2 protein chains.
Amino acid sequence: MSLKLIEKHRSFGGEQCKYTHYSEVLKCEMTFSIYLPSNKEKKKIPLIWWLSGLTCTDDNFSQKSGFQRLAEKYQVAVMIPDTSPRGEHVADDDGWDLGKGAGFYLNSTQYPWAKHYHMYTYIVDELTTIASTLVPHFSGEESIMGHSMGGHGALVIGMKNATRFKAISAFSPILSPSQVPWGIKAFSTYLGEDQATWNEWDASELVKEASVPPILITQGTEDQFYQNQLDETCFLKNARENNQEVYYKKAEGYDHSYFFIATFLEGHFSFHMQHLR
Amino acid sequence: MSLKLIEKHRSFGGEQCKYTHYSEVLKCEMTFSIYLPSNKEKKKIPLIWWLSGLTCTDDNFSQKSGFQRLAEKYQVAVMIPDTSPRGEHVADDDGWDLGKGAGFYLNSTQYPWAKHYHMYTYIVDELTTIASTLVPHFSGEESIMGHSMGGHGALVIGMKNATRFKAISAFSPILSPSQVPWGIKAFSTYLGEDQATWNEWDASELVKEASVPPILITQGTEDQFYQNQLDETCFLKNARENNQEVYYKKAEGYDHSYFFIATFLEGHFSFHMQHLR
């Protein structure tokens, strides 16, 4: 295995680490970050996955959210993948909402994208194996959260693996990607024009499944992308019709930024910990 | 006045704002950030100044420290200046430790630097006037904190204005700039070769003054700059000989990063609030 530790910072008693490795799934060199709490009592600890939004790397959440205070408080490890395959040989697009930094946490079927864009399998298989080797005293319990495109990713990955993830939460997620500009652009590019293939990557469709993990969503009312990209109507209707445990909260006056995420992160961690223990 | 609001984000109930303005002191366009807590009870609120380190702008602290949670908790406004004059017409140097991003919070006497590099007067006079207009229900009470070069700045500005600032704190500050590479390079450039002119900008000299505000310093033991740039021996000796109230704490295993600052920021806010009320 090519796993290489490239940064380690003590943070709130635990360790904020950054690794690079060659991904067999993505066929490129990848970077991720992971936080390990101090775990002074050597107890079994769970793992929360964080998936970031468009244009982000693993740095945004680790540097801007202040999550380490909460991860240490609750004694939980946190895994932060990058948002797409990387490298000069990887297909890209001039737009910031497609290609590198915009992998949408799915497995592409359309060339040239299908050559590298398999973020779903990368996270659910390859990075999961790596995480399990990096977290000492790992309890095996996992949950998943994310922001915007990463909120979409958390919902999709969490619902597609409903027995594995104990809870899902999202900040300003793309809830109906098949119906909004960001999602339509990404899905038609990565998955092709046959919209039947889009359903398995659309949270509003997946929430119709028999039983999904409990879901918490927080959406800022002053989010510039709310109306055009993040509309909740279809998702909430389908969740309600299928009696899913979904808590959808509006945050008055908040926007799409990490200032918003940082503010409500403690509530999300608390929600996850209720279901991880 | 040319003051212009260019960003406003709701954060932990308060507002994280960014302004631009033309500085008469620095003779250039400047940017700063300010946090205003919610102040729901319309009480008088104090102001803490934060001074950043080499290469930083007003963004580093506002985006990476998580301070807004504490500013809202303690109901205190926080003012975050940039670290140097800015603009194409402003003198600069190829090094990251001199020129733009490296103003050292002093008033330069050497041309071409003296044309713009007057960060001390900019903060103590011009930005102070602006801050007093921006903080509703301002109590008039102030304290100052900073990191690295900004820790030097907080100590120097706080001690030179000992009756104005109720407390000073610093993370990994340059305590004896006249004796270390960063300080010698900056002082000889901005102030000239006559070292007698350096003393008024050197915390280890200023701490000999009759009475300085209470000072809290936190220094990471794994800080890569500790030994060569941030040595505390001279400062602590002079502080002790003059019976100053100085608390110098070592943080085992911590480095020079914002992960370190974020970890110990609550203790610093708590220290400031003891002296602001």
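The values are calculated or read from the model by the stated rules, or taken from the named source; none is laboratory data. All figures in this text were calculated on a predicted structure; none of them were measured in a lab. Cβ sites come from the backbone with ideal geometry, for glycine too, and all protein chains shown count toward neighbours. The area values use the complete protein model at the heavy-atom level, side chains included, leaving out ligands, DNA and RNA. Shrake-Rupley method; radii C 1.70, N 1.55, O 1.52, S 1.80 Å.
See the values below:
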{"read-out": "Options B:Arg277, B:Arg240; residue that is modelled with pLDDT under 95, surrounded by fewer than 18 Cβ atoms within 10 Å (Cβ to Cβ) and more than 22 Å from B:Gln63 (Cα to Cα)", "value": "B:Arg277"}
{"read-out": "Among (1) of a type outside the set (A, V, I, L, M); (2) in contact with a Ser or Thr (Cβ under 9 Å, 6 or more places away or on another chain); (3) assigned to a loop (DSSP other than H, G, I, E, B) - the single one A:Thr189 does not satisfy", "value": "(3)"}
{"read-out": "Residue under evaluation B:Lys43, criteria (1) without any contact (Cβ under 8 Å) to a residue 60 or more places away in the chain; (2) more than 20 Å from B:Ile157 (Cβ to Cβ), criterion not met", "value": "(1)"}
{"read-out": "The lone exception for B:Lys237 - which of (1) touching a helix residue (DSSP H, G or I) at 6+ places or on another chain (Cβ under 9 Å); (2) in contact (Cβ under 8 Å) with a residue 12 or more places away in the chain; (3) of a type outside the set (A, V, I, L, M) it fails", "value": "(2)"}
{"read-out": "Top-ranked residue in the range B:215-237 [being surrounded by fewer than 19 Cβ atoms within 10 Å (Cβ to Cβ) and farther than 19 Å from B:Gln179 by Cα; ranked as nearest to the other protein chains (Cβ to nearest Cβ)]", "value": "B:Glu222"}
{"read-out": "Positions within the range A:155-174 being closer than 21 Å to A:Gln224 by Cα, among the aliphatic types (A, V, I, L, M) and in contact with a strand residue (DSSP E or B) (Cβ under 8 Å, 6 or more places away or on another chain), in sequence order", "value": "A:Ala170"}
{"read-out": "Qualifying residue in the range B:207-214 (condition: within 14 Å of another protein chain (Cβ to nearest Cβ) and under 20 Å from the mean Cα position of the chain (by Cα))", "value": "no"}
{"read-out": "Helices (runs of 4 or more DSSP H) completely within the range A:197-247 that count 1 or more residues being touching an Asp or Glu at 6+ places or on another chain (Cβ under 8 Å)", "value": "A:203-206, A:233-241"}
{"read-out": "Whichever residue in the range B:60-101 is within 13 Å of the chain's Cα centre (by Cα), among the polar types (S, T, N, Q) and not in a helix (DSSP H, G or I) and, among such residues, is surrounded by the most Cβ atoms within 10 Å (Cβ to Cβ)", "value": "B:Ser84"}
{"read-out": "Residues of the range B:245-261 that turn out to be surrounded by 18 or more Cβ atoms within 10 Å (Cβ to Cβ) and in contact with a strand residue (DSSP E or B) (Cβ under 7 Å, 6 or more places away or on another chain), as a count", "value": "9"}
{"read-out": "Test: A:Cys56 is more than 25 Å from B:Phe264 (Cβ to Cβ) and within 14 Å of chain B (Cβ to nearest Cβ)", "value": "yes"}
{"read-out": "Residue in the range A:1-45 that is nearest to A:Phe138 (Cα to Cα), counting only those that are assigned to a strand (DSSP E or B) and among the β-branched types (Val, Ile, Thr)", "value": "A:Ile45"}
{"read-out": "Conditions (1) touching a Ser or Thr at 6+ places or on another chain (Cβ under 9 Å); (2) open to solvent by less than 10 Å² (accessible area, probe 1.4 Å); (3) within 14 Å of chain A (Cβ to nearest Cβ); (4) under 22 Å from A:His256 (Cα atoms): number failed by B:Phe32", "value": "(3)"}
{"read-out": "Complete set of residues in the range B:248-277 that are under 18 Å from the mean Cα position of the chain (by Cα) and either away from chain A (no Cβ under 14 Å) or not in a helix (DSSP H, G or I) (or both)", "value": "B:Tyr248, B:His256, B:Ser257, B:His268, B:Ser270, B:Phe271, B:His272, B:Met273, B:His275, B:Leu276"}
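Condition check ((1) within 29 Å of B:Leu98 (Cβ to Cβ); (2) open to solvent by less than 30 Å² (accessible area, probe 1.4 Å); (3) not aromatic (Phe, Trp, Tyr)) across all residues:
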{"position": "B:Trp113", "(1), (2), (3)": "yes, yes, no"}
{"position": "B:His116", "(1), (2), (3)": "yes, yes, yes"}
{"position": "B:Ser139", "(1), (2), (3)": "no, no, yes"}
{"position": "B:Met149", "(1), (2), (3)": "yes, yes, yes"}
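Yes/no matrix, rows are residues, columns are (1) free of Cβ contacts under 8 Å to residues at least 40 places away in the same chain; (2) open to solvent by 10 Å² or more (accessible area, probe 1.4 Å):
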| site | (1), (2) |
| --- | --- |
| A:Lys160 | no, yes |
| A:Pro173 | no, no |
| A:Pro181 | no, yes |
| A:Ser188 | yes, yes |
| A:Thr197 | no, yes |
| A:Glu205 | yes, yes |
| A:Ser211 | no, yes |
